[in-house]
1. Which residues in the stretch 66-83 have a backbone N closer than 17 Å to a point placed 7 Å from the Cα of Arg58 along the Cα-to-Cβ line?
2. Given N residues in the stretch 25-107, what is its alpha carbon radius of gyration divided by 2.2 N^0.38 Å?
3. Can you put Glu198, Glu86 in order of accessible area, largest first, using a 1.4 Å probe?
4. Using a 10 Å cut-off on Cβ atoms, rank the peptides 16-24, 172-180, 210-218 from the highest mean neighbour count down.
5. Explain nothing, just compute: Karplus ³J(HN,Hα) = 6.51 cos²θ - 1.76 cosθ + 1.60, θ = phi - 60°, for every residue of the stretch 143-156 in order, whole Hz, x for Gly and Pro.
6. Roughly how many debye, to the nearest 20, is the charge dipole of the stretch 56-148 about its Cα centre, given +1 on each Lys and Arg Cβ, -1 on each Asp and Glu Cβ, and no other charges?
7. Taking amide H positions as placed 1.01 Å from N in the peptide plane, with prolines and chain starts having none, which residues 5 or more places from Ala16, or on another chain, fall under 5 Å of its amide H?
8. Enumerate the residues in the stretch 123-143 having an amide nitrogen under 15 Å from the point lying 7 Å beyond the Cα of Glu179 toward its Cβ.
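The values are calculated or read from the model by the stated rules, or taken from the named source; none is laboratory data. Remember, it's a predicted structure, so these values are computed and weren't measured experimentally. Quick reminder, even Gly has a Cβ in these numbers, built from the backbone with ideal geometry, and neighbours come from all protein chains shown. Side chains are part of the model used for accessible areas, which takes the heavy atoms of the whole protein and leaves out ligands, DNA and RNA. Shrake-Rupley method; radii C 1.70, N 1.55, O 1.52, S 1.80 Å.
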Amino acid sequence: MPPVAAAAVARRSVRAFTAEPVPGEAIEAILAAALRAPSGGNLQPWHIHVVRGGALARLTAAMRLAQEAGEQEVPNHPVYPEGLWEPYRSRRFENGEDLYRTIGIERSDKAGRLRQLAQNYQLFGAPAGLFFAIDRRMGRAQWIDLGMVMQTVMLVALEHGLATCPQAAWALWPDTLGELLGLDEHMMIAAGMALGHEDTAHPINTLRTTRQSLDEGVTWHD
Ligand SMILES: Cc1cc2nc3c(=O)[nH]c(=O)nc-3n(C[C@H](O)[C@H](O)[C@H](O)COP(=O)(O)O)c2cc1C
């Protein structure tokens, strides 16, 4: 397989990281490549915040406190459309079931599920977090561009021996993020991303997700 296809197939969301730091040069190299992602009209309608060290400790501590206090914020945008329909509903359901099965959390174990969800806000132990900001005046077309950058980051990270997890979960905490990242009124975080070395011993990283077949996902018009 050519290397790009191999990376596309090998990439997966990793939800437990080791504490091994990620060298700044590696992050720089990954982002320099990712910033070559295409965008309509070459608008490059994104800004990436790299959060590490003390800033990361402040963010994860703030999130821990907010959650312990049962706080909630008004989300930036809905992570899923309301009343998700088939086949998306079943895909999402199965994804959750498969994920929780890896760590032995039953469907009825609400507290266990919430504990795992909260791991999002500790970046799953990753030593670096990337936050993808977009100007809220941008439209759907520019959100496509943002996805291009994110996938490019995830693929190039593999080349540096690094794992990632894209995280829409951060859309639920716009105020905390806005303050910690110093966002101006126009900018919002579309998604976060954990970046680090995979904890290969952690059972949650045994998850291998499925995909629809070529027949299901593609219609040919000849
Ligand atoms: C935009 C986006 C947002 C996501 N948000 C989260 C998230 O908040 N938390 C999480 O654990 N996984 C999140 N994921 C990971 C998906 O669950 C994952 O990509 C999907 O189940 C397919 O699995 P794979 O990435 O291992 O191939 C997100 C993925 C994308 C593309």
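1. Flagged as within label range: 66.
2. On the way: Rg = 18.6 Å, N = 83, 2.2 N^0.38 = 11.8 Å.
Scaled against compact globular proteins, the figure is 1.57.
3. Values: Glu198 45, Glu86 105 Å².
Final ranking, largest accessible area leading: Glu86, Glu198.
4. On the way: 16-24: 15.8, 172-180: 17.9, 210-218: 8.4.
Packing order, densest peptide first, comes out as 172-180, 16-24, 210-218.
5. For the stretch 143-156, the Karplus curve yields 5, 4, 4, 4, x, 4, 4, 4, 5, 5, 4, 5, 6, 5 Hz.
6. Working: 13 positive and 12 negative charges, 17 e Å.
Here the stretch 56-148 has a charge dipole of around 80 debye.
7. When sequence neighbours closer than 5 places are left aside, the close amide H contacts are Asp199.
8. none
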